[in-house]
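Here is the structure we will look at, set down as structure tokens.
The values are calculated or read from the model by the stated rules, or taken from the named source; none is laboratory data. On a predicted model such as this, the values are computed, not experimentally measured, just so you know. Cβ placement follows ideal geometry from the backbone for every residue including glycine, while neighbour counts extend to all protein chains displayed. Surface accessibility is based on the protein's heavy atoms, side chains included, excluding ligands, DNA and RNA. Shrake-Rupley method; radii C 1.70, N 1.55, O 1.52, S 1.80 Å.
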Amino acid sequence: MASASAPTIERPPQPPIDGSYHHPEELLTAAHSTATIGDKIADVVLAQPHPKAWWFFFGIGLALLSAFGLGLIWLFYMGVGVWGINQPVAWGLAIVNFVWWIGIGHAGTLISAILLLLHQKWRTSINRFAETMTLFAVMCAGVFPLIHMGRVWLGYWLFPFPNNMAVWPQFRSPLAWDVFAVSTYLTVSIVFWYVGLIPDMAFLRDAARNKWQRWVYGLLCLGWRGSAFHWRRYEKLYLLLAGLGTPLVFSVHTIVSFDFAVSIVPLWHATIFPPFFVAGAIFSGFAMVVWLAVPLRHLYGMKDMITDRHMELCGRVMIATGLLVSWGYTLELWMAWYSHSKYEWDTTYQRIWASPYWWSYWCLILTNTILPQLLWIKRVRMNELALFLIAGSVHIGMWFERYVIVITLTRDHLPGAWGRYAPTIWDYAVMFGSVGLFMTLFCLFLRVLPMISITEIREFLPFGQGGRDGHACMENAK
Amino acid sequence: MSDTHTHSGPPPLHGVMAEFKTADELIAATRAARLAGYTRMDGFSPYPVGEVADELGFPRSEIGAIMFIGGLCGATMGFLMQTWVSVIDYPISIGGKPFWSWPQYVPVSWALLVLSASLCGLFGLLALCGLPQPYHPVFNVDRFTRATRDRFFLLIEAVDPQFDPAKAKEFLASLHPDDVAEVPE
């Protein structure tokens, strides 16, 4: 029974971001204490001082979301014929978008899990919104295979359950694996995200400005009180979830790549696909982290916690994963030539030169391989605008990567089986609409939940500022 | 209910609580309390401080075992489910592969391992911590709202065998806390 007459707690003023404070690893640019960290992040939710630009982004998101709704209604009413898909390109944009979104969805867990295991302190400022990005991106991704089935209302047939048709899923198909991989990934990401939120929501409860906030966050935090016994179990759970999440990230995108690689289509049937897809996923995920971090830094004044150093590190991860992806492109060409398989080589020739879609391959190379090389230059990595533009280039490039893979189907070995593929307006309505779904959800998230993990930033604060100078997750988790 | 009208003594105590400014002070205080013979205690902090749990005599949690067993069960059930479906109940020939083409059951078994380990971990945490628990006596202390903000608390519970309100308060006061408070039940 929280007393109504709780003493008013003094709120220390927010430290200035004026360069007077120096963090040894440049991961913080203001002299924060545990209290000022909490106030700064929680006030975004509790006091709702939302910038006008929030309405701008929310408006765009909502408009695109309406297009999404319209596109879905028409699709469900008419069937998948409203899309441009046909033989030979039966997969089309739905699968391109599915893989694009699920790729973006991988950086959140990467940041949360892998960087935690690697003791990377810089994950702390960006893990919460990156995890949130993962959740929403996986939701957007999940929509596409579902609506691509044509009869969405039979979507539950994907799951194994005893039924009066006496049939079961076909467990030797990567498409059935996908169902398990993606739904597990979504569930585990939600668990990881929610577990991380519990202590933050307990702070929101205690810092609430009114009865409603105290009620809602009090319910959501499940009555968390920060007991040492609870923390011990909590840390162990968090560490183990990170330990499971790491191989999970790899396995999910590996399984997504199996959708292609287990087939016998030339250039799809390749062992390079799983690692190449995983690298691409991290590449595009970090590009999206950059796209989210830039507005958060400016519109919410989070430059003290998401510093230039964080942005630079994102740039470094992008150049590393970008090179892995480019290595994949090179190997595809190499294997096609070296294998002496005329099917592989002819498909490659069609892909990069002879088919009507040759330009998409070069678009991919330009945006995914050539432009990101600028990130080698430190001045570019440190320049927010340049980093933002390169991240945009990566978004386009990663989309084209999947487009190039899918469009390969237009050229078979018999010219009689050749075909063309042109997306219709309904393809695009759903595609850009899914961006609206993401934007809307993310804008709403900013209003109701802390965008940066309060608890973890506090623990990360240097000793003199009330923290423990980083995570002792490995030491605490027993 | 009638008890509240007739009861004239002080309310029953849940324990006595001291407030500290830093995690290190809480660690030191917990150690001092353990050395003084107190056994039923709890520490509260805005972020995890593993040493406090060590001092409280909780060196190892149960979560690892729970998740291990959960993961094992999930994977086993998943594998058996696929075997039963593909070999016994609904055998269909796919690309001439044997019905029991077990390597192809690995991805789903793995996904179910992670899924069930994670869910067991989450629900294990909640069950072991007794959450959700919106009400707890410690919330009766007004200053306890700072336990999620910037302060660290040590609670000596009334169920401790050597608990005596006056002595416990005196002991806690000797640890140079910011504040000592009684926690009404």
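Look at (1) within 9 Å of chain A (Cβ to nearest Cβ); (2) farther than 17 Å from A:V182 by Cα and you find that B:G78 fails only one, number (2).
None of A:E456, A:E384, A:E401 is in contact (Cβ under 8 Å) with a residue 24 or more places away in the chain and surrounded by fewer than 22 Cβ atoms within 10 Å (Cβ to Cβ) except A:E384.
Any idea which of (1) out of contact with any Leu (no Cβ under 7 Å at 6 or more places or on another chain); (2) open to solvent by less than 70 Å² (accessible area, probe 1.4 Å); (3) facing another protein chain (nearest Cβ under 9 Å) is the one B:R143 doesn't satisfy? Checking B:R143 against (1) out of contact with any Leu (no Cβ under 7 Å at 6 or more places or on another chain); (2) open to solvent by less than 70 Å² (accessible area, probe 1.4 Å); (3) facing another protein chain (nearest Cβ under 9 Å), the one that fails is (2).
When you look at A:A63, is it in a loop (DSSP other than H, G, I, E, B) and among the small types (G, A, S), yes or no?
Working: in a loop (DSSP other than H, G, I, E, B): no; among the small types (G, A, S): yes.
The answer is no for A:A63.
For the range A:371-380, check the following and say yes or no: at least one residue is farther than 30 Å from A:A228 by Cα, outside any helix (DSSP H, G or I) and free of Cβ contacts under 8 Å to residues at least 40 places away in the same chain. Scanning the range A:371-380, I find at least one residue that is farther than 30 Å from A:A228 by Cα, outside any helix (DSSP H, G or I) and free of Cβ contacts under 8 Å to residues at least 40 places away in the same chain, so the answer is yes.
Checking each residue in the range A:108-127 for being surrounded by 21 or more Cβ atoms within 10 Å (Cβ to Cβ) and outside any helix (DSSP H, G or I) picks out no residue at all.
Would you confirm whether any residue within the range A:82-89 is modelled with pLDDT under 95, within 25 Å of A:M451 (Cβ to Cβ) and among the small types (G, A, S)? Even if it seems obvious, please write down each step before you answer.
Here is the first cut: in the range A:82-89, the ones modelled with pLDDT under 95 are A:82-89.
Checking the rest, the ones that are also within 25 Å of A:M451 (Cβ to Cβ) come to none.
No, that holds for no residue.
Being touching a helix residue (DSSP H, G or I) at 6+ places or on another chain (Cβ under 9 Å), touching a residue at least 60 places away in the same chain (Cβ under 8 Å) and open to solvent by less than 30 Å² (accessible area, probe 1.4 Å) is a property that holds for A:V289. Would it be correct to say that B:L115 is closer than 30 Å to A:R232 by Cβ and either open to solvent by 70 Å² or more (accessible area, probe 1.4 Å) or not β-branched (V, I, T) (or both)? Spelling it out, B:L115 is indeed closer than 30 Å to A:R232 by Cβ and either open to solvent by 70 Å² or more (accessible area, probe 1.4 Å) or not β-branched (V, I, T) (or both). Would you point out the residue of the range A:7-20, among those that are over 30 Å from B:D179 (Cβ atoms) and more than 31 Å from the chain's Cα centre (by Cα), that is farthest from the other protein chains (Cβ to nearest Cβ)? Residue satisfying both the conditions and the ranking: A:G19.
Checked against (1) of a type in the set (G, A, S); (2) under 19 Å from the mean Cα position of the chain (by Cα); (3) surrounded by 14 or more Cβ atoms within 10 Å (Cβ to Cβ), B:G71 meets all criteria but (2).
Among the residues of the range A:248-270, is there at least one that is closer than 27 Å to A:I457 by Cα, modelled with pLDDT under 95 and open to solvent by less than 10 Å² (accessible area, probe 1.4 Å)? Yes, the conditions are met somewhere in the range A:248-270. For B:C129, state whether it is surrounded by 14 or more Cβ atoms within 10 Å (Cβ to Cβ), out of contact with any Phe, Trp or Tyr (no Cβ under 6 Å at 6 or more places or on another chain) and modelled with pLDDT of 95 or more. For B:C129, the condition - surrounded by 14 or more Cβ atoms within 10 Å (Cβ to Cβ), out of contact with any Phe, Trp or Tyr (no Cβ under 6 Å at 6 or more places or on another chain) and modelled with pLDDT of 95 or more - is not met.
For the range A:22-55, what are the residues that are among the basic types (K, R) and within 13 Å of chain B (Cβ to nearest Cβ)? Talk me through it step by step, then tell me what you get.
Taking the range A:22-55 as the starting set, the residues that turn out to be among the basic types (K, R) are A:40, A:52.
Hit for the range A:22-55 is A:K40, nothing else.
Taking the range B:81-112 as the range and being closer than 30 Å to A:K236 by Cα, facing chain A (nearest Cβ under 7 Å) and open to solvent by 60 Å² or more (accessible area, probe 1.4 Å) as the test, only B:W110 passes.
Considering A:G226, A:G196, the condition of being more than 7 Å from chain B (Cβ to nearest Cβ) and crowded, with 19+ Cβ neighbours inside 10 Å is satisfied by A:G196 alone. When the residues of the range A:158-193 are filtered to those that are open to solvent by 20 Å² or more (accessible area, probe 1.4 Å) and at the interface with another protein chain (Cβ under 7 Å from one of its Cβ atoms), the one that is nearest to A:W101 (Cα to Cα) is A:T187.
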